[in-house]
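Take a look at the structure below.
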Amino acid sequence: MSGVALAAVAERARELMPRDRVITDHARLRTYECDGLAHYRVTPALVVMPDDAAQLAGVVRACAENGVPFVARGAGTGLSGGALPHADGVLIVTSRMRTVRELRPEDQRAVVEPGVINLDVTRAATPHGYYYAPDPSSQQICSIGGNVAENSGGAHCLKYGFTTNHVLGAELVTPQGELVEIGGAAPDTPGYDLLGAVVGSEGTLGVVTSATVRLVRVPEEVRTLLAGFESTDQAGAATSGIIAAGVLPAAIEMMDALAIEAAEAAVHCDYPHGAGAVLVIELDGAAAEVGAEYDEVERLCRENGAFELRLATDPVDRALIWKGRKSAFAAVGRISPDYIVQDGVIPRTALPEVLKAIADLSESSGVRVANVFHAGDGNLHPLVLFDDSVEGAGQAAEEVSGAILDLCIGHGGSITGEHGVGIDKAKYMPRMYDEDDLDTMQLVRCAFDPDNLSNPGKVFPTPRLCGEVPGRHKGAHPLQEAGVAEVF
Amino acid sequence: MTVLERTAREAVGSACEEVRDPTAADEVDGVAPLLVARPASTEQVAEVMRAAAAHGLTVVPRGAGTKLSWGLPPLSADLLLDLGGLDRVLDHAAGDLVVATQAGARMATVQQALAGSRQRLAVDETVPGATVGGTLATNASGPRRMLTGTARDLLIGVTVVRADGVVAKAGGRVVKNVAGYDLGKLVIGSLGTLAVVTEALFRLHPVAEAQRWVSVAAADAPADVHRLVQAVVHAQAVPSAVEVDRPAGGGGRLGVLLEGRRDGVEQRAATVAGLLGAGATIDEEPPAGWTSYPWQEADVAVKLTFVLSGLEDVLAAAREAGADLRGSAGTGVVYAALPGDQPTDRLAAAVRTLRSACARHRGHAVVLDAPAEVKRAVDVWGPVPGVGLMRRVKDQFDPEHRLSPGRFVGGI
Ligand SMILES: Cc1cc2nc3c(=O)[nH]c(=O)nc-3n(C[C@H](O)[C@H](O)[C@H](O)COP(=O)(O)OP(=O)(O)OC[C@H]3O[C@@H](n4cnc5c(N)ncnc54)[C@H](O)[C@@H]3O)c2cc1C
């Protein structure tokens, strides 16, 4: 990458936006060197903070013209190094694009800029009786643009789905710098579902400059149950029983003894004393329905060995129950100087077997693992604990963490349920998908970003050379020639 | 038969046992294929596609053929790829609420395989006999989309065969998975123009213990229907469906489906009946035509989408256009049937009326199906955003444009 190319982009950026939004000072650049996965660090060559889509598109166009790579960054809370900068590239930070452009409860829609914080969408909608359903634990700090890029989930996606089920349209700056609309506010936009490909593409298909999201009606009633069990096996059996009974809770979360210990130390959540596992089960919906489901869930918990049950029906008690769960990652810091947050998925029925295997791994390696997970959909977040000041400990933890992913793959699961592949897991992609699978995915990449400038080096272990597209057409469609089929 | 055709035929024949001459029933929207192949596995589909690639044959995949005339007629359909041989439900993991199925399996067959576990694939069958692959390719959905979404929201994994015969999969058998691009989304609604789907994995839903349909005669004034739909949608009764059925000649009904535990459903049904007003009835069976489209054989079939505040305007436009209207008023997706035996300029005007109403409310009006002369005379797709990018995707997946060429948006 030539300094000349970069200087040209910086020059253009200064024409597009006030000079203080174009950062070249090394000390300031350093503040953007990592995202939530802090052991990968790269200082970007240039940081820009556009105010709007036009400025942002202008920067991307300059990058395209000069062959300069760029990386979008929302709030930088990603846990897979997705927003890790490129040393010779531009980091495009969306933190100044924080306007809720439209709030339309009558249409159950909101149109928001990418830098808008997830929870702020819900805050804006709540006075109208609506909310934004995807709720990553980081919802107070992460951005909608980041959510779209990662297809973020949350505790409640068991019932309500992921970001991809709640975003209907977007304005996208393509890696060539064109500003295009994909999808729309109404359902089922005709044509290929480009938005479906962009959601979860981790910033490799362009930069989203606005998103049209679905707003969901606030439920009439919410009941949150905290259940203490002697073991994860019992808690797992209760989870299976609930699903088998045809109940679809909004959330079923599990924590094991070590995770509970950490949460107690950090936030004093006062979970059932001596529990080997707890479940947090939330039911929501029409009051009449929730009441009927609750009786069944409570019965199933008891039948499977729950020794203590606590019900929360008001927001204060509910927050108390969730506090332990939502702070679990950070809480682990209380019992271990360093830790790796893993994110794998297994078919839910394989839970007992996989937990047993993780325990065996932990025992044979001497590396402690605390388990926190979305039990309802089999998304595991094993927290692998280590002390980096002890020689070889980091390496041992890495190995255990990798072996856990292999367990997930071996059970037909996934290497990531919500944190994304980013830079961190690109090397694991070939274990989950074969060469043809990866090649086919990259056809999409080539369609959007033939020059491989948009967040290069993420998701895929090796980039596909896009080559020349033959674009050989078998003549125009007769209706096209007649001038009726194409009015674009 | 030309020499070229003969060698192509031999090549396809050695890729797959079942190859035959077409009959009139194999025509694709009036276009006669040269050859019909019926492979029995993903591997055979791949071999057939490689043979087709080697000989430059255009290929049109077919499930049960219930919606094969949707979109525009293909420019060419040398090889009709009949996926009816891939009709097995592969695996039902009841405890995980997941099913794996071949693409040629009928939706009804899949539902039967799940029924014993009181589970279902929550996509309504809108045309009897439809297959999994056809449902994906057309993104067909029925009333229940309001609560559980469409195939787009339920598909978790897919195996496709590309135009060049390469087999690829994306997603997997777990509900939650963000590893790599979600290729499944791209094939949904692609009318067989991007790749051939051979297997699909879906997340399932439990079959509810009880169901109640609350319905009321549809008021004549669009504003009144609009008001009732808004009242139900913004209440907290969590309906599985809010449907409107309005024949052009007047009358019709508004129907709301509630599903869940018996006690809960009865109370919720009473709540909804209260909202719909005097004359609302509560039934245990669906009203006639609940999951079916409003059109007959020779009608012009139009799909209308809009944001909810546009319902009144769309209903009025349908009246003006002389359309029978039915569909998911609670989500902003309804279907209009225009009698196909009118002069084409009148039909074109009717489509324009519907389209401008939808466009005013950020949606689209797409002619799904129509007699050939009508498709020639009206703009079937209307304006579609992002078509330039769509062409680039097509060029990557099918650079020679051999898969269902011309059926789709923008000449794709
Ligand atoms: C304590 C904690 C808890 C968490 N809990 C959850 C959880 O429960 N569920 C979950 O899913 N995740 C969770 N995360 C991960 C993280 O918060 C999400 O991935 C979030 O969506 C990232 O948003 P961000 O704004 O921080 O994005 P960033 O980290 O800034 O970026 C993430 C990716 O998005 C791309 N990107 C950002 N903006 C755009 C844009 N406008 N257009 C295109 N690409 C863009 C970036 O290039 C990068 O690849 C958690 C993280 C933390 C630290």
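The values are calculated or read from the model by the stated rules, or taken from the named source; none is laboratory data. Treat the numbers as computed from the prediction; the structure is a model and nothing was measured. Don't worry about glycine lacking a Cβ; one is built from the backbone with ideal geometry, like all the others, and counts go over all protein chains shown. Just the protein is used for accessible areas: all its heavy atoms, side chains included, with ligands, DNA and RNA removed. Shrake-Rupley method; radii C 1.70, N 1.55, O 1.52, S 1.80 Å.
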task = For B:Arg120, A:Arg30, give the ranking by accessible area with the largest first, probe 1.4 Å.
result = A:Arg30, B:Arg120
ask   = Say a paramagnetic label sat at a point 7 Å from the Cα of A:Asp434, along Cα to Cβ; which residues of the range B:75-118 have their backbone N under 19 Å from it?
value = B:101-103
ask   = Taking +1 at the Cβ of each Lys and Arg and -1 at the Cβ of each Asp and Glu, which of A:Trp322, A:Leu309, A:Thr349 sits farthest along the dipole of the range A:280-380 towards its positive end, judged by Cα position relative to the Cα centre?
value = A:Trp322
request  = Using only alpha carbons, build the gyration tensor for the protein assembly as shown and give me the equivalent ellipsoid semi-axes, biggest first, whole Å.
outcome  = 41, 35, 28
query = Which one of A:Gln139, A:Ile182, A:Thr94 has its Cα pushed farthest toward the positive end of the charge dipole of the range A:52-186, where Lys and Arg give +1 and Asp and Glu give -1 at the Cβ?
reply = A:Gln139
task = Work out the length of the dipole vector of chain A about its Cα centre, built from +1 on the beta-carbon of each Lys and Arg and -1 on the beta-carbon of each Asp and Glu, and round it to the nearest 20 debye.
result = 1060
remark   = Across all Cα atoms of the range A:3-93, Rg and the largest Cα-Cα distance (Dmax), in Å, are 12.2, 35
message = Using a probe radius of 1.4 Å on heavy atoms only, what accessible surface per residue do you get for chain B? Whole Å² is fine.
response = 33
note = Taking a ≥ b ≥ c as the square roots of the Cα gyration tensor eigenvalues, with a/c under 1.5 meaning rounded and otherwise prolate when a/b beats b/c or oblate if not, the range B:365-407 comes out oblate
query = Got a number for carbon plus sulfur as a percent of the range B:210-377's accessible area, 1.4 Å probe?
reply = 50
ask   = Once you measure Cβ to Cβ distances between cysteines in chain A, which Cys have no partner under 4.7 Å?
value = A:Cys34, A:Cys63, A:Cys142, A:Cys157, A:Cys269, A:Cys301, A:Cys408
remark   = Once both label points are put 7 Å beyond Cα along the C-beta direction, the A:Cys466-A:Ser327 separation in nm becomes 4.7
ask   = How much accessible surface area, in Å² rounded to 10, belongs to the heavy atoms of A:Cys34 with a 1.4 Å probe?
value = 30
note = Rounded to the nearest 5, the percent of DSSP beta bridges in chain B running antiparallel is 90
query = Nearest 0.05, what FRET efficiency do A:Arg123 and A:Thr313 give at R0 = 25 Å with Cβ-Cβ as r?
reply = 0.65
remark   = Buried accessible surface, A vs B, both sides, probe 1.4 Å, in Å² to 100, equals 8100
query = For the protein assembly as shown, what is the percent of antiparallel DSSP beta bridges, rounded to the nearest 5?
reply = 90
key: Sites A:Ala396 and A:Asp295 - FRET efficiency at Förster radius 45 Å, r taken between beta-carbons, to 0.05   = 0.45
remark   = Shape call for the range B:1-131, from the Cα gyration tensor axes a ≥ b ≥ c (a/c under 1.5 means rounded, otherwise prolate when a/b beats b/c, else oblate), comes out prolate
task = Sticking to Cα atoms, compute the Rg of the range A:221-330 to one decimal and its Dmax as the biggest Cα-Cα distance, whole number, in Å.
result = 13.0, 38
request  = In debye, nearest 20, what is the charge dipole magnitude of the range A:221-330 about its Cα centre with +1 on Lys and Arg Cβ and -1 on Asp and Glu Cβ, if you could check?
outcome  = 220
inquiry  = Over the range B:89-206, what is the relative contact order in percent, taking alpha-carbon pairs closer than 8 angstrom and at least six residues apart?
reply    = 32
query = For chain A, what is the accessible area per residue in Å² when the probe is 1.4 Å?
reply = 36
inquiry  = If I model a spin label at B:Gln296 and B:Arg319 as a point 7 Å from the Cα along the Cα→Cβ vector, what separation in nanometres do I get?
reply    = 2.4
task = Any chance you could list P(r) for the range B:89-206, counting all Cα-Cα pairs in 10 angstrom bins from zero, rounded to whole %?
result = 15, 51, 31, 4, 0
Shielded by partner chains, the range B:217-252 residues - at least 50 Å² of accessible area, 1.4 Å probe, vs chain alone = B:His234, B:Gln236
remark   = the range A:249-298 and the range A:300-359 have their Cα centres apart by a whole-number Å value of 8
key: C-alpha long axis of helix A:257-267 to longest principal axis of chain A, angle in °   = 70
Chain B: angle of helix B:311-321 to the longest principal axis, Cα-based, in degrees nearest 10 = 70
task = Select from the range B:90-136 all residues whose loss of accessible area on going from the chain by itself to the full protein assembly reaches 30 Å² or more (probe 1.4 Å).
result = B:Gly95, B:Asp96, B:Leu97
ask   = Which residues of the range B:344-379 bury at least 20 Å² of accessible area once all protein chains are present, versus their chain alone (1.4 Å probe)?
value = B:Arg362, B:His364, B:Arg376, B:Asp379
note = For peptide A:210-223, the mean count of other chain Cβ atoms within 10 Å per residue Cβ is 1
Antiparallel bridge percentage (DSSP; both residues within the range A:3-93; nearest 5) = 20
query = Can you pull the Rg over Rh of chain B, Cα-only, Kirkwood?
reply = 0.99
remark   = In this structure, among B:Lys176/B:Lys394; A:Lys425/B:Lys169; B:Lys169/B:Lys303; A:Lys427/B:Lys394, pairs with alpha-carbon gaps over 21 Å are B:Lys176/B:Lys394; B:Lys169/B:Lys303; A:Lys427/B:Lys394
note = Distance in nm between A:Ala403 and A:Glu102 label points, each 7 Å along Cα→Cβ, equals 5.4
note = Residues of the range B:239-266 with backbone N under 20 Å of the label point set 7 Å from the Cα of B:Arg118 along Cα→Cβ are B:240, B:258-266
query = Going toward the positive end of the dipole of chain B, with +1 on Lys and Arg Cβ and -1 on Asp and Glu Cβ, which of B:Ala52, B:Leu276, B:Ala130 do you reach last?
reply = B:Leu276
remark   = Applied in sequence order to the range B:110-122, the curve 6.51 cos²θ - 1.76 cosθ + 1.60 (Karplus, θ = phi - 60°) yields integer Hz couplings, x standing for Gly and Pro, of 4, 4, 4, 5, 8, 4, x, 9, 6, 10, 8, 8, 7
J(HN,Hα) series, the range B:397-405, from Karplus relation 6.51 cos²θ - 1.76 cosθ + 1.60, nearest Hz, glycine and proline x = 7, 9, x, 8, 6, 9, 8, 6, x
message = Taking the alpha-carbon distance from B:Lys185 and a cut-off under 12 Å, which aspartates and glutamates remain once sequence neighbours fewer than 8 residues away in the same chain are dropped?
response = A:Asp188, A:Asp193, B:Asp153
query = Around B:Thr126, which amide H atoms from residues at least 5 apart in sequence, or from another chain, sit under 5 Å from its own amide H, with H modelled in the peptide plane?
reply = none
inquiry  = Let me spell out the model: positive unit charges on the Cβ of Lys and Arg, negative unit charges on the Cβ of Asp and Glu, origin at the Cα centre of the protein assembly as shown. What dipole size does that give, in debye rounded to 20?
reply    = 1420
query = Given the rule -39500 (n - 2.57) for each run of at least 4 DSSP H residues, summed and divided by the residues of chain A, what is its mean residue ellipticity at 222 nm, to the nearest 500 deg cm²/dmol?
reply = -10000 deg cm²/dmol
ask   = Residues with beta-carbon under 12 Å from that of B:Ser190, excluding B:Ser190: net charge, scoring Lys, Arg +1 and Asp, Glu -1?
value = +2
task = Take the alpha carbon gyration tensor of the range B:210-377, find the square roots of its eigenvalues, order them as a ≥ b ≥ c, and report rounded if a/c is under 1.5; if not, report prolate when a/b exceeds b/c, else oblate.
result = prolate
